[in-house]
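The values are calculated or read from the model by the stated rules, or taken from the named source; none is laboratory data. Just so it is clear, the model here is predicted, and its values are computed rather than measured. Cβ: placed from backbone, ideal geometry, glycine included. Neighbour counts: every protein chain shown. Please note that ligands, DNA and RNA were not included when accessible areas were found on the heavy atoms of the full protein model with its side chains. Shrake-Rupley method; radii C 1.70, N 1.55, O 1.52, S 1.80 Å.
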Amino acid sequence: MSRAFLIVMDSVGIGGAPDAHAFFNDGRPDTGANTLGHIAQARPLRLPVLDGLGLGAAVRLASGTDAPGLGATPQGLWGAATELSRGKDTPSGHWEIAGVPVPWDWTYFPDTNPAFPPDVTARICELAGTAGILGNAHASGTQVIDDFGAEHLRSGWPICYTSADSVLQIAAHEQAFGLDRLIALCRDLSPMLHAMRVGRVIARPFLGQPGNFRRTGNRRDFAIAPPGDTILDIAKGAGRVTHAVGKIGDIFSHRGITHLHKGADDAALADHLIRLGTQAEPGSLTFANFVEFDTNFGHRRDIVGYAGQLEWFDDVAGRFIATLSPGDLAIFTADHGNDPSWSGTDHTRERVPVLGWGLGPRAVGQVGFSDIGASVMAHLGLSAPAHGRSFL
């Protein structure tokens, strides 16, 4: 039986979203944002595997611009996907790729101090058993622990912050506050936030001492459940084995997943993906997310670092593809953009690449996010999700 691998390069957008004017960073519309294109213009990229599949051609299709260094003649399936959901966040992109566009508007906390309404703050204090919280504002996840870590150790109050995403994040010291206590706090808070249409509550544990704090790999996301059956639900319901690599389990509320493969960083996730290329069962679906493009380089507006991560991942993609067998399908795509040359620190509204190995050269043109999931299901011989049409 054929296998399918769906790999999300988190935030690797290619510009050209037709509604980019309706999304903003620091008051500036996302019109003209192009993660891949602007990185390549600043530093020509060497991505022989992904460009060989059709990455440069996809950038041109999506945005009408050339990406220096990406000029190969496509040897794989290639196209560009446009999102319908009214968000440029992780759950919206992944859910729609998996066949479930988001039918509501997310709730975002204002960029004020305090950012959270009193009832939310009161509930956090109740669950944490503390008299207050620290932070209560939009903040960088690494900066906020530098700013409040010492006070957190003294007072025991959790550090609570948000961003331009629909999210509430809680940082706490794994030893002083307790990892299990932090995870329980976020888990028990999440129903209230989900009822408000806040997409995720995230536990952000850290270790160390003032001046030397560091986040650990024990992050936990508590995401609102998708409002319909995704490709993971359909595949598992049909008796297929499903593998979730990285934060896929968290994004889909651990629904429709047979095996979860986590790691401290993208290098560990790459090892899982390459291993699954050899070991994943016939007829199985592997869904992977590589997050460090976004967290380490996009939000931090680090063009050079992002370029290096792309070139590292291109090598990973080559080693992974070498493990695949005739009849397998691997699709590389993204969930949104995060142009490191742009203003602000938020994601950018962009089209995303659709690159496929296993079917030979094939131009699929402009497609929708949900068409990706429908195509994966078609390859596996399974029922399509409610949204999307196969381009196979």
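Odds and ends about this structure:
- Reported count of residues in region 281-294, each being surrounded by fewer than 17 Cβ atoms within 10 Å (Cβ to Cβ) and among the β-branched types (Val, Ile, Thr), is 0.
- Checklist (1) within 22 Å of the chain's Cα centre (by Cα); (2) closer than 29 Å to ALA317 by Cα; (3) in a loop (DSSP other than H, G, I, E, B) applied to ARG240, failing item: (1)
Rundown of residues vs (1) touching a strand residue (DSSP E or B) at 6+ places or on another chain (Cβ under 9 Å); (2) at positive phi; (3) surrounded by fewer than 16 Cβ atoms within 10 Å (Cβ to Cβ), yes/no style:
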{"residue": "VAL102", "(1), (2), (3)": "no, no, no"}
{"residue": "ILE124", "(1), (2), (3)": "yes, no, no"}
{"residue": "GLY141", "(1), (2), (3)": "yes, no, no"}
{"residue": "SER155", "(1), (2), (3)": "yes, no, yes"}
{"residue": "ILE159", "(1), (2), (3)": "yes, no, no"}
{"residue": "ARG187", "(1), (2), (3)": "yes, no, yes"}
{"residue": "SER190", "(1), (2), (3)": "yes, no, no"}
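- Checking ASP314 against (1) under 30 Å from GLY237 (Cα atoms); (2) under 21 Å from the mean Cα position of the chain (by Cα); (3) part of a helix (DSSP H, G or I); (4) of a type outside the set (A, V, I, L, M), the condition it does not meet: (1)
- For region 265-280, a residue qualifies if it is part of a helix (DSSP H, G or I), touching a strand residue (DSSP E or B) at 6+ places or on another chain (Cβ under 6 Å) and open to solvent by less than 30 Å² (accessible area, probe 1.4 Å), and the qualifying residues are ASP266, LEU269, LEU273, LEU276.
- Restricting PHE332, PHE391 to residues that are under 15 Å from HIS94 (Cα atoms), of a type in the set (Phe, Trp, Tyr) and not in a helix (DSSP H, G or I) narrows the list to PHE332.
- Only one entry in ASP250, ASP233 is more than 19 Å from PHE320 (Cα to Cα), of a type in the set (Asp, Glu), open to solvent by less than 40 Å² (accessible area, probe 1.4 Å) and touching a strand residue (DSSP E or B) at 6+ places or on another chain (Cβ under 7 Å), namely ASP250.
- Residues of region 206-227 that turn out to be of a type outside the set (Ser, Thr, Tyr), on the phi < 0 side of the Ramachandran plot and open to solvent by 20 Å² or more (accessible area, probe 1.4 Å), as a count: 14
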